[in-house]
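The values are calculated or read from the model by the stated rules, or taken from the named source; none is laboratory data. All of these numbers come straight from a predicted model, not from anything done at the bench. Glycine gets a Cβ as well: all are built from the backbone with ideal geometry, and neighbour counts include every protein chain shown. For accessibility, only protein heavy atoms count, side chains too; no ligands or nucleic acids. Shrake-Rupley method; radii C 1.70, N 1.55, O 1.52, S 1.80 Å.
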Amino acid sequence: LRRSVKELAERAWNIFYLGGALGRQFPRADGCVHLEVPTTLTTTHALAYHRSIYDRILADVPGDMAALKEWIGEYRAIDQYLAIELQEDVFLASPVVASQENLVSLEDPALRDQFPLGRSLAGPLH
């Protein structure tokens, strides 16, 4: 993560994905070793939004329930919306640093042990 963030600091960005590629690899960002440029990235696990993109997202996602239901009908989820509408200055940490418990088996086998399963950082699930 530290290496990805260091490379990210050297460029303009809108969204920084920490996971979600499910074992896929994308082209590296120009001059980068730890940042990829994802295409149509869904099933996202964790991401960071740059403050410059908030106004766009807030303008695009409806604030009333009727319009939101229509928006959900079109995009199904926020990750689908991001993949379709916000593709500029988007980067993915490589290797990914976040996953979902039910999807860890799809991550790179050499990295699966980095994801704590069945427990929070505070201890086991009860």
Quick one: putting +1 on the C-beta of Lys and Arg, -1 on the C-beta of Asp and Glu, what dipole do you get for the chain around its Cα centre, in Debye to the nearest 20? 440
Rank-order 103-115, 4-16, 56-68 by packing density, defined as the average count of other C-beta atoms within 10 Å over each peptide's residues, highest first. 4-16, 103-115, 56-68
May I ask you to evaluate 6.51 cos²θ - 1.76 cosθ + 1.60, the Karplus curve with θ = phi - 60°, for each residue of the range 54-64 and list the ³J(HN,Hα) values in order in whole Hz, giving x for glycine and proline? 4, 4, 5, 5, 5, 6, 7, 8, x, x, 10
Over the chain, with the other protein chains present, what is the accessible area per residue in square angstrom, probe 1.4 angstrom? 65
Along its principal axes, what span do the Cα atoms of the range 1-74 show, with the longest given first and each in whole Å? 44, 27, 18
Can you bin the chain into rounded, prolate or oblate? Criterion: square roots of the alpha carbon gyration tensor eigenvalues sorted a ≥ b ≥ c, rounded for a/c under 1.5, prolate for a/b above b/c, oblate for the rest. oblate
Taking protein heavy atoms only, a 1.4 Å probe, and rounding to whole percent, the accessible area of the range 70-118 owed to carbon and sulfur comes out at 48
Whole-Hz Karplus ³J(HN,Hα) for the range 81-96, in order, using 6.51 cos²θ - 1.76 cosθ + 1.60 and θ = phi - 60°, x for Gly and Pro? 4, 4, 5, 8, 9, 10, 10, 8, 6, 10, 9, 10, 5, 9, x, 5
With an 8 Å cut-off on Cα pairs and a minimum separation of 6 or more residues, tell me the relative contact order of the range 1-42 in percent. 39
Skipping prolines and chain starts, which residues have an amide H placed within reach, meaning under 5 Å, of the one on TYR17, given they are 5 or more residues away or on another chain? ALA48, PHE91, LEU92, ALA93
Evaluate Rg over Rh across the range 34-108, taking Cα atoms for both radii and Kirkwood's formula for Rh. 1.00
Sum -39500 (n - 2.57) across every DSSP H segment of at least 4 residues in the chain, then divide by the residue count to get the 222 nm mean residue ellipticity, nearest 500. -7000 deg cm²/dmol
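Could you work out the relative contact order of the chain? I mean the mean sequence separation of Cα pairs under 8 Å and 6+ apart, divided by the number of residues, in percent.
On the way: 158 pairs, mean separation 44.1, N = 126.
In percent, rounded to a whole number, it is 35.
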